[in-house]
1. Once the Cβ-Cβ distance between Glu213 and Ala159 is put in as r, and R0 is 22 Å, what FRET efficiency do you end up with, to the nearest 0.05?
2. Please sort 63-74, 136-147 by packing, taking for each peptide the average over its residues of neighbouring beta carbons within 10 angstrom, highest first.
3. Want the number for Val185 to Glu151: 0.36 nm per residue separation, take away the alpha-carbon distance, what's left?
4. Under unit Cβ charges (Lys, Arg +1; Asp, Glu -1), what dipole magnitude, rounded to 20 debye, does the stretch 77-155 have relative to its Cα centre?
5. Using 7 Å Cα-to-Cβ label points, what is the Ser101/Asp84 separation (nm, one decimal)?
6. Take the stretch 111-184, drop everything but the C-alpha atoms, weight them equally and run the Debye formula without solvent; then report log10 I(q)/I(0) at 0.25 Å⁻¹ to two decimals.
7. On a full-extension model of 0.36 nm per residue, what is the gain between Lys51 and Arg192, subtracting their alpha-carbon distance, rounded to one decimal in nm?
8. What is the ratio of the Cα radius of gyration of the stretch 83-132 to 2.2 N^0.38 Å, with N the residue count, to two decimals?
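The values are calculated or read from the model by the stated rules, or taken from the named source; none is laboratory data. A quick note: this is a predicted structure, and the numbers were derived from the prediction, not measured. Methodologically, a virtual Cβ is constructed for each residue, glycine included, from the backbone with ideal geometry; neighbour enumeration extends over all protein chains shown. Heavy atoms of the whole protein, side chains included, go into the accessibility calculation; ligands, DNA and RNA do not. Shrake-Rupley method; radii C 1.70, N 1.55, O 1.52, S 1.80 Å.
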Amino acid sequence: MSVDTGDELDLGPGLAGGLDGGLDDTSVSLWEGDEGGLEHAQRHALVTLLKQRFISARTHPRDWQVLVEHERVLRSRLNDLFLDLVVDRVREVAWKRQATSETGSRFPTLLYDAAWSREETLVLVHLRDRLRAGAAGGESRVFVDLEDVLEHVASFRPAHATDEAGDEKRARNAVTSIVKAGLLVAGDHEDRFEISEAVEPLLPLELLQELLEALRRANTEPRATEEEPEGAGLFGDHAAADEAADAAVQAGE
């Protein structure tokens, strides 16, 4: 289930590192035969945009500053790859997404959907709510406790779900995945996290409402069989749950 851009580019080990080698940030030609038109700092920002789900002023301050100063040229390079650049200057977050044709036809893509699980989706929905509530209360940084997140996910457990230990394990794994994605930031306390400002723009209100409605329908539909399919997870193997997944994918488009 994908709820954010969800799209990542597999650049391979050859492009994963080596970007901080002390090169001259004002130089355009970086090696013999280099015909690229971007400076080193611009290329660094471009590669970071391609590799990461998002960049922000807090998580990637140098790349964010380069993006702000050179948004047009970076957008142009992404457009050459059939990608669009989305910039939220209020929250200081930027991310890429697959460009769509005005005729509805699909462009070639370098991206693949990195799908979120249903438990991960519920965690993200809760984080968005907490982030908005904290901002409304004047908080510049919003934190959440692990136990609070686990209780929220458990509140969506349907009556027929009896594997509480398995459900909690999946919920904990969901939190771990979201930490790795950078949308939860670990702090000094093991069970307390800061919510990234990127959560809200990557999970717009329309999608949030659609997801919650689909998840509620999944929980209230009658079971197809007496035995819950192995690995079905928190919501069983219902069509409404699949509908939630389909709705979530739209956030990455």
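1. On the way: r = 19 Å, r/R0 = 0.85.
Result of the calculation: an efficiency of 0.75.
2. 63-74, 136-147
3. Difference between extended and current length: 10.3 nm.
4. Computed about the Cα centre, the dipole is about 380 debye.
5. Taking the two extended label points, one gets 1.6 nm.
6. Values returned for q = 0.25 Å⁻¹ are -1.17.
7. Stretched fully, the Lys51-Arg192 segment lengthens by 48.1 nm.
8. Details: Rg = 14.6 Å, N = 50, 2.2 N^0.38 = 9.7 Å.
Its radius of gyration relative to the 2.2 N^0.38 Å reference: 1.50.
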